[in-house]
Amino acid sequence: MPTLLTPPLPPQATDADSIALQACDDIDSLREVWRAYVCLEKLLVPLELADTEQVYPTRTELSSLVRLINDEMHRRIELIDTTLHAARAPSRHPA
């Protein structure tokens, strides 16, 4: 399952293979975001009411939307958790 764009490579991992691998991962992630966007667009602005293919999102598009939302929610929860642990650390070990 692709995640949001990968972080930049560390300086030691800048060989051509690593860069190509990161580029492929980032393209997969971008495709996932695009499917989620298409899903939202279909939910909000149906193009032709007679064409159910265009009015209703596909399972793949809905899955992409849910996956993207889940990934972002987990990322934000981890960020909050890390911040809270960092804030609590000084109170556990007073100087």
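Bear in mind that the values in this text are calculations on the coordinates, not laboratory data. Quantities reported herein were computed from a predicted structural model and do not represent experimental measurements.
Spelling out what I want: for every residue of region 60-75, take phi, set θ = phi - 60°, compute 6.51 cos²θ - 1.76 cosθ + 1.60 (Karplus), and round to whole Hz; glycine and proline get x.
Once θ is set to phi - 60°, the couplings for region 60-75 become 4, 5, 5, 4, 4, 5, 5, 4, 5, 5, 4, 4, 5, 5, 5, 4 Hz.
Fully extended, how many nm does the chain gain between residue 81 and residue 18 (0.36 nm per residue separation, minus their Cα-Cα distance)?
19.7 nm
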